[in-house]
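Notes follow once the structure below has been shown.
The values are calculated or read from the model by the stated rules, or taken from the named source; none is laboratory data. It should be emphasised that the depicted structure is a prediction, and the values quoted were computed from it without experimental measurement. Cβ sites come from the backbone with ideal geometry, for glycine too, and all protein chains shown count toward neighbours.
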Amino acid sequence: MSRAYRHNLNGSSLEPGTRQLEIEAVALRFGGVQALQNVSLDVCQGEIHAIIGPNGAGKTSLLNCISGLYRPQEGHIRLHRSDGPPHDLTRTRPSRVARLGVARAFQNIELFKHMTVLDNLMLGRHVHMKHSVWRSFLYYGPARRQEIAERQLVEEVIDFLEIQAVRHAHVGALPYGVQKRVEVGRALCLQPAVLLLDEPMAGMNTEEKEDMARFILDVNALAGVTVVLIEHDMEVVMDISERVSVLDFGRKITTGPPADVKTHPQVIEAYLGEEVS
Amino acid sequence: MATATGVYHTSYEADLALRKTRAEWIRLGLIVLLVVSAPFLLNPFWLTVANQIGIAIIGAVGLNILVGHTGLISLGHGAFLGVGAYTSAILVTRLEAPTLVAIGVAVAVTTVIGTFFGLPSLRLKGLYLAMATLAAQFILLFAFRNWDFITGGTDAIVVASPEIFGFTLRTDFHWYWVIFGVAALVVFAARNLFRTGLGRAFHAVRDQDIAAAVMGIHVGRQKLLAFAISSGLVGLAGAMTAHYRTIVTWERFTLDVSVLYLAMIIVGGLGSVAGAVYGATFMTVLPAAIQQLARNVRDTIPMLGREIPAIQLIVFGLVIVLFLLFEPRGLDRTWQRVKDYFRLWPFRY
């Protein structure tokens, strides 16, 4: 990565193109509801991988399994690293998953509403900081040095996402599109190995969507961060993703490049209704 | 750096500073001047009230870290105050421990007990947690009254005036400096806590605990840490009460006290260190002021003089209701509004 950014936002040191996230035969049930059934897919380092599917197909459930918020009854989700054996995320609590480098932006914005943009982004640095009660009480010395050191990276993310003007604003008072951007920023501050984005463009106008698409492409191209993306806007998905996986009723139909997925007969049947032309 | 057109920072240090403008420094100077000159100006009655305010500030700041900043309610803090007081008093009277050591151990013991009774917060929220901590209040009060072999039961423990570094703290005037010195340190430490990552994590748990977990915050550990810090500070307040009042009885640590401290932080402002200070001051001054007022008018309106306790209760309830209705974010918010008004004066906006 060149440009004026001094920090590498990518938290993974795997070679681009190698398998990073390995989802193997995951099954998730809520009582009688089968949310996910035998879902297997691989996400490679450095790609933008879109997960699409009709409403209720299990896309968000799959992300929640990766984040450790849901615990699937069957299957494994392995996060591969260059320095050691893979981690099974299905047996890991959410805070530990974040420490391993899986960052997440939610579908319905889950920012810390009473805090400023800066505080929200600084919370993205939480796992990289040391927290001692006594040093915090004392503030001057190590605690302040750490705040300032981490602030440098946060400011780069602020520059990157073009939210300088609202740095000190309370998040709850910001427009929807900016809040979405702040949430992506908070995930980026984690220096993620994998960035999970759950409908980052939902409810946005065309201009805001274009901005968000540009940010996602930049994060991926400049920093090399792997992006797993859920999105309903097919044009966006087909434009920016390298590979697309399609879920329907908790089952995976196919994975492949956008052009192949678009013409896959089962996808057309499940997702788009009937074939036109 | 403050300029005529606004605040302009050229370093992160300056951006993180607690006080950024000259007006803020002048205000701090005035407060220091007020606190330093108060003991020379106040009569004995109000000096005692001032000392009570100082202790209440320590306890209220502690409780606010849990309730206002982390979003966990506790109805057990009255009893935690008692744990601090009893521990310190017992250590001094039975084991003849030096006062400073006794207070230190009392803080440690209260921290452990508070954290233990905070364990339900790992599973419970809101009203359910309130019930669980209410249980702590009653269990601990039962221990104070019935474990004769440790606490002396319903008999009071009498503590001698403490000697610190060869200096005996006997009068309210002596105590004033100790209490306000400690209170100032506690307020400063709490302000610092909430401009570092640890304090931010408390706020994150309060605002959105699932998102906090996904950002890598161990929510359970954070909640227990909030209970630990909070009950530690309340234990400090309790231990200081024991040595200041030189007498410890279970009646001072009932549910009323838990509610009084909650009232302090609600009236002052939840989730604000300054708010806890305002609330502690207000809720301590209010009953004293009513008492003084009633004493002054005793001869003209005898009924008022007789009914002081009832009037105090009514006013206490009324104040809380009025605050919840008209200023739910407390005195801290009122102060912000006053500041905004004068910042923009003579314009409205």
Search segment A:210-222 for residues that are within 15 Å of A:Val178 (Cβ to Cβ) and pair each with any residue that is β-branched (Val, Ile, Thr) when their beta-carbon atoms are under 8 Å apart and the residues are at least 6 apart or on different chains.
A:Met212/A:Val184; A:Phe215/A:Val184
So, in segment A:184-209, how many residues would count as being of a type outside the set (Gly, Ala, Ser) and in contact (Cβ under 8 Å) with a residue 40 or more places away in the chain?
14
For segment B:214-258: of the residues being away from chain A (no Cβ under 14 Å) and among the hydroxyl-bearing types (Ser, Thr, Tyr), which is farthest from B:Arg191 (Cα to Cα)?
B:Thr249
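Okay, residues lined up against (1) surrounded by fewer than 11 Cβ atoms within 10 Å (Cβ to Cβ); (2) outside any helix (DSSP H, G or I); (3) touching an Asp or Glu at 6+ places or on another chain (Cβ under 8 Å):
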position	(1), (2), (3)
B:Thr284	no, no, no
B:Leu304	no, no, no
B:Val319	no, no, no
B:Thr334	no, no, yes
B:Phe347	yes, yes, no
Filtered residues of segment B:195-206 (kept if within 7 Å of chain A (Cβ to nearest Cβ) and out of contact with any Asp or Glu (no Cβ under 9 Å at 6 or more places or on another chain)):
B:Leu198, B:Gly199, B:Ala201
Report yes if some residue within segment A:104-114 is surrounded by fewer than 19 Cβ atoms within 10 Å (Cβ to Cβ), free of Cβ contacts under 8 Å to residues at least 12 places away in the same chain and more than 9 Å from chain B (Cβ to nearest Cβ); otherwise report no.
yes
Go through segment A:221-245 and count every residue that is closer than 18 Å to A:Asn55 by Cβ and not in a loop (DSSP other than H, G, I, E, B).
7
Hey, any hits in segment A:77-87 for a residue that's in contact with a Ser or Thr (Cβ under 9 Å, 6 or more places away or on another chain), within 7 Å of chain B (Cβ to nearest Cβ), touching a residue at least 60 places away in the same chain (Cβ under 8 Å) and basic (Lys, Arg)?
no
What pairs can you find where one residue is in segment B:250-275 and under 16 Å from B:Arg145 (Cα atoms), the other is among the polar types (S, T, N, Q) and surrounded by fewer than 20 Cβ atoms within 10 Å (Cβ to Cβ), and their Cβ atoms are less than 8 Å apart, with a gap of 6+ or different chains?
B:Trp250/B:Thr154
Test: A:Glu269 is under 21 Å from A:Ala202 (Cα atoms), assigned to a helix (DSSP H, G or I) and not aliphatic (A, V, I, L, M):
no
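The rows are residues; the columns are (1) crowded, with 21+ Cβ neighbours inside 10 Å; (2) touching an Asp or Glu at 6+ places or on another chain (Cβ under 6 Å); (3) modelled with pLDDT of 95 or more; (4) away from chain B (no Cβ under 11 Å).
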{"position": "A:Leu121", "(1), (2), (3), (4)": "yes, no, yes, no"}
{"position": "A:Gln146", "(1), (2), (3), (4)": "no, no, no, no"}
{"position": "A:Glu156", "(1), (2), (3), (4)": "no, no, no, yes"}
{"position": "A:Glu162", "(1), (2), (3), (4)": "no, no, no, yes"}
{"position": "A:Ala202", "(1), (2), (3), (4)": "no, no, no, yes"}
{"position": "A:Lys209", "(1), (2), (3), (4)": "no, no, no, yes"}
Here, helices (runs of 4 or more DSSP H) confined to segment B:107-201 with at least 3 residues that are surrounded by 15 or more Cβ atoms within 10 Å (Cβ to Cβ) and touching a residue at least 24 places away in the same chain (Cβ under 8 Å) are B:126-146, B:172-193
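Looking at segment B:1-74, what helices (runs of 4 or more DSSP H) fall wholly within it and have at least 1 residues that are under 23 Å from the mean Cα position of the chain (by Cα) and over 30 Å from B:Phe117 (Cα atoms)?
Working: elements: B:12-16, B:22-41, B:44-64.
Answer list for segment B:1-74: B:22-41, B:44-64.
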Testing A:Arg96 on (1) of a type in the set (Lys, Arg); (2) farther than 27 Å from B:Leu18 by Cα; (3) surrounded by 18 or more Cβ atoms within 10 Å (Cβ to Cβ); (4) at the interface with chain B (Cβ under 9 Å from one of its Cβ atoms), one condition comes back false. Which one is that?
(3)
